[in-house]
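Remarks on the structure that follows.
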Amino acid sequence: MAALKPTEDAGLAAQWTQELLVALQVNTEGQGSVYPYKDTDELQQTLITKCKDIKKFSNFDLVRVIDKLNQCMFQLRAWYTHTLGSFLLEIMEAVLAAKSLPSNGGQDSLMMVLKLLEGTILICTVNHEPHLVAKTLEKLIQARRLPPNVNARMESCVVYWSNKDDWHGVPEKVPINCKTGLNAQLTDRAEQLPPSRATVANMEDAKHLIERVVKDKWPDAGVDFFGSAINGFELEGSDLDCVIQLPLADLQACQERVVDEQNESSTDPSANLRRKQQSAAMAAVNALESVCLGGENSASVRVVEKVLGARVPLLKLKTVQSKVAIDVSFNNTLPLYNSRLLKAYANLDPRVPPLGRLVKFWAKKRSINDAKEGTLSSYAHILLLIHFLQHEGLLPNLQDKSMIEESKWPSVGTVEKVDGCHDVWFMDPENEECKAELDQWLENRSEFAKTATLEGLLRNFYRYFAYEIAIHHDVVSITSTKPLDKIEYFRQVAAAVAAANADDGDRELEASEAVDDDVGGGLDSVIDDEREAEEEFPDAEGDVEEVEVDELCDYYTRADSESEEDPGSRPSGMARITEVSPVTLPAPEDPPGKLPKIEQNAQHQLFQRPLLCIADPMELGRSLGTSFQGGDRWVFELRRACHILEDGRNSADKKAQTLFTENRNTQKNAWRLYDSRDFPPIFENEVTTKIPINSNGRDLLLGNTGGFIKELQGLPGMRRVKVEGGRHEGKSICVFSGTPEAVRTCKEKFQERLFQFEGDVQRPSRQQRYAAGTVGG
């Protein structure tokens, strides 16, 4: 196919992409479950031809083709081959060779390049060409071919995938048992974080109060608590999470109050079941609200909010005297096991609770602990910490049944799966049946692990997640000491969900299943998600799957709604996967471009976790993660923490104070966030030069919609050019930040252009010269 012309119809780009998809699909035939697929001679020849096309493309052609490739991202990953990876890298080289990239239909071209890079190359190509990917990524960053707001996380990717160890600005790995004056500062800080005695007393009073209120309404109901207040990592001001377990009779009574003809209109029995569960929970919330608002209870507890639209309806309460916040849900039992698991880890080693509190306190102070904002909940941060401590050999995997004899499993933990699918078994160090095995494991730890300090562990925690995890490629799990391959992981998720979905219609309503777990998602949630995937991302009826590009990478609005202890309203992970293995997939279907159902759903789940992905340790079909903007902020803060703790210019007290400084003016706009960083880039030493400028210099830089300042900032190696001080303040300062050579070149260009500009300003206009009689009429 000939190279496209800028004036030709954009449909030719779709035809070009369609030819590529057809070749990739044909290549998979007869290869079974092999992944990545092997390259046939025919596919290699097709890709060679496509590479030649790329070199002939105009900038318009290149942007259109990248746009079309982004629209069929699912297929590119599903039918991936090594040669396809090399072809995608050739596209990145063409991006580097282009002098400029025009926008396409209002879409920013740099963002389109980023989508293709993060959607395929950093997930698939890194498996077989890690160093080449790192080199290409380095060139893209330095040539400013990516949006500058993503540089923090992209630089971390370069460090991880390259074979270079001495990157500028990346701290050296310190021993986990290092001990300086900072360790004492951190220890003192950690001792100040647990709740005070008065707060603990208020929490106990709040527990007794809610138990009394519930028992007045439902005498046979069970009242349990979970979350930060009881999992061993509590801080001052932690909320109280409560789950009320209604007996079957009370649950059915709640259901009978709900009349919804639409509930029975579906032919899907599992859908009707979930609607009944949702309705029953809503009725229970309304009933408890009436109890709290009436009689003497209104003087003790007040209703703050009803959250009925969530998958698990909540009633938010607050005690009148002690102001303790309480979130109440019904028959949502799975978080109870999660809290007990975290408590077991906290009891294993006395260093775990203070370290967990420090991490939570740091995340809170730096405003990266809110899942609604796209960052990570406190629960997610504790899972990351446990994974890190397992990686360093401090903690075992408490869900590893191979550590004890099979005959002891029932006496150690709950063998029966919750709701028939969630594996909640784990070893508790307080259980005598497994205490000997756990004590032996702890005794066999290395000397480094036994003598590790808060300082050494915290510094390595920040470094591990800033530079030693591939956030696009890996799944972090506390059931595995090493990260898992994300694409194969989600294929196993999709296969498990398909199997569960096949049996879902036969499930009967039980008291323990009364409410589908919204906050934690859960199996039913994944099944719903699977059906939504078919609706939102249907396989193409033609040759190319038409997925909305804006929806594919909505960088700055998408965030997961998660609570403190049980986050993840859009689950996309699978519990208890400790290693990944190929999943047998059905043969490709017609029409061309259509994916098998399991593969389609696997790609949809992967779509929801494009950056950091944390597998829930117990709940089948659930994971946690960040949005794109939240991921930028999270990596930014990790790198900031690394830089602060390594900086030898500051005292230990100053380091601790700076590390936990409250981020009052959080830059939620990631474009401004990276511009305000106080840690160095990884490539070269950066210098900042400030020069005073007059009004002419200011007009030159900012006039004509800032065209010249954009030109200077676009020079290779320049990070920032900005003007400080207003026109009416009398003085203005021009700030140049970048590599020494880039700053020098930038200053020279500015001074040369300023000289010409001032000459033009001082030269009389033609009208002035005409009035003076120096020119004709």
Discussion item. Cβ-Cβ under 6 Å, sequence separation 6+ or interchain: first residue in the stretch 234-248 and open to solvent by less than 40 Å² (accessible area, probe 1.4 Å), partner in a strand (DSSP E or B) and of a type in the set (Ser, Thr, Tyr). Which pairs?
Written reply: Val243/Ser329
Discussion item. Among the residues that make up the stretch 400-411, is at least one of them of a type in the set (Lys, Arg) and out of contact with any Leu (no Cβ under 9 Å at 6 or more places or on another chain)?
Written reply: yes
Practice prompt. Kindly indicate whether Arg197 is open to solvent by 60 Å² or more (accessible area, probe 1.4 Å) and under 20 Å from Val304 (Cα atoms).
Written response: no
Fill in: Criterion violated by Glu455 - all others in (1) assigned to a loop (DSSP other than H, G, I, E, B); (2) in contact (Cβ under 8 Å) with a residue 12 or more places away in the chain satisfied
(1)
Item to complete: Tell me which residues, restricted to the stretch 55-76, are open to solvent by 10 Å² or more (accessible area, probe 1.4 Å) and closer than 25 Å to Leu595 by Cβ.
Response: Arg64, Asp67, Lys68, Gln71
Worksheet entry | Given (1) open to solvent by less than 30 Å² (accessible area, probe 1.4 Å); (2) without any contact (Cβ under 8 Å) to a residue 12 or more places away in the chain; (3) not small (Gly, Ala, Ser), number of the condition Lys417 does not satisfy | (1)
Worksheet item: Any residue in the stretch 122-142 that is open to solvent by less than 30 Å² (accessible area, probe 1.4 Å), in contact with a strand residue (DSSP E or B) (Cβ under 6 Å, 6 or more places away or on another chain), among the polar types (S, T, N, Q) and in contact (Cβ under 8 Å) with a residue 24 or more places away in the chain?
Response: no
Worksheet item: Is it true that some residue in the stretch 596-606 is at pLDDT 85 or above, surrounded by fewer than 24 Cβ atoms within 10 Å (Cβ to Cβ) and not in a helix (DSSP H, G or I)?
Response: yes
Worksheet item: What's the number of the condition Gly621 fails, among (1) modelled with pLDDT of 90 or more; (2) open to solvent by less than 10 Å² (accessible area, probe 1.4 Å); (3) of a type in the set (Gly, Ala, Ser)?
Response: (1)
Worksheet, complete the sentence: Residue hits (the stretch 383-413; touching a residue at least 60 places away in the same chain (Cβ under 8 Å) and assigned to a helix (DSSP H, G or I)) are Leu383, Leu384, Leu385, Ile386, His387, Phe388, Leu389, Gln390, His391
Discussion item. Restricting to the stretch 640-655, name every residue that is among the small types (Gly, Ala, Ser) and without any contact (Cβ under 8 Å) to a residue 40 or more places away in the chain.
Written reply: Gly648
Worksheet item: Does Gly648 count as at pLDDT 80 or above, open to solvent by less than 10 Å² (accessible area, probe 1.4 Å) and under 27 Å from Val158 (Cβ atoms)?
Response: no
Item to complete: Please state which one of Gly697, Gly706 is touching a helix residue (DSSP H, G or I) at 6+ places or on another chain (Cβ under 7 Å) and at pLDDT below 80.
Response: Gly697
Worksheet item: So which residues in the stretch 403-427 are within 19 Å of Asn347 (Cβ to Cβ) and of a type in the set (Ser, Thr, Tyr), if there are any at all?
Response: Ser411, Thr414
Fill in: Subset of the stretch 150-174 (residues that are surrounded by fewer than 19 Cβ atoms within 10 Å (Cβ to Cβ), farther than 24 Å from Gly456 by Cα and modelled with pLDDT of 90 or more)
Ser162
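Please verify whether the stretch 219-232 includes one or more residues that are farther than 18 Å from Val359 by Cα, in a helix (DSSP H, G or I) and either open to solvent by less than 10 Å² (accessible area, probe 1.4 Å) or modelled with pLDDT under 90 (or both).
Of all residues in the stretch 219-232, those farther than 18 Å from Val359 by Cα come to 219-226.
So of that shortlist, the ones also in a helix (DSSP H, G or I) come out as none.
There is no residue in the stretch 219-232 that is farther than 18 Å from Val359 by Cα, in a helix (DSSP H, G or I) and either open to solvent by less than 10 Å² (accessible area, probe 1.4 Å) or modelled with pLDDT under 90 (or both).
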Worksheet item: Which of the residues belonging to the stretch 361-377 are in a helix (DSSP H, G or I) and open to solvent by less than 10 Å² (accessible area, probe 1.4 Å)?
Response: Trp362, Ala363, Ala371
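Given the structure, is Thr49 surrounded by 22 or more Cβ atoms within 10 Å (Cβ to Cβ) and among the hydroxyl-bearing types (Ser, Thr, Tyr)?
In short, no.
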Practice prompt. Determine which single condition Leu182 fails, assuming it passes every other condition in (1) of a type in the set (A, V, I, L, M, F, W, C); (2) closer than 30 Å to Pro681 by Cα; (3) assigned to a loop (DSSP other than H, G, I, E, B).
Written response: (3)
Worksheet item: Can you tell me how many residues in the stretch 239-252 are modelled with pLDDT of 75 or more and over 30 Å from Ser378 (Cβ atoms)?
Response: 4
Practice prompt. Find the residue count for the stretch 97-111, including only residues that are surrounded by 14 or more Cβ atoms within 10 Å (Cβ to Cβ) and under 25 Å from Leu611 (Cβ atoms).
Written response: 6
Worksheet item: Quick one: which of Glu662, Glu619, Glu637 is assigned to a loop (DSSP other than H, G, I, E, B), under 28 Å from Gly119 (Cβ atoms), touching a residue at least 12 places away in the same chain (Cβ under 8 Å) and charged (D, E, K, R)?
Response: Glu619
Fill in: Considering residues of the stretch 420-449 that are under 22 Å from Ala615 (Cβ atoms) and touching a residue at least 60 places away in the same chain (Cβ under 8 Å) only, the residue most open to solvent (accessible area, probe 1.4 Å)
Gly420
Response to the item:
Checked against (1) open to solvent by less than 10 Å² (accessible area, probe 1.4 Å); (2) more than 26 Å from Arg609 (Cα to Cα), Leu114 satisfies every condition except (2)
Worksheet item: Inside the stretch 285-340, counting only strands (runs of 3 or more DSSP E) that do not spill past its ends, which hold 2 or more residues that are open to solvent by less than 10 Å² (accessible area, probe 1.4 Å), under 19 Å from Lys217 (Cβ atoms) and in contact with a helix residue (DSSP H, G or I) (Cβ under 9 Å, 6 or more places away or on another chain)?
Response: 314-319, 325-330
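The values are calculated or read from the model by the stated rules, or taken from the named source; none is laboratory data. Computed from a predicted structure; not experimentally measured. So basically every Cβ, Gly included, is an ideal-geometry build from the backbone, and we count neighbours across all protein chains shown. Accessible surface areas use protein heavy atoms only, side chains included; no ligands, DNA or RNA. Shrake-Rupley method; radii C 1.70, N 1.55, O 1.52, S 1.80 Å.
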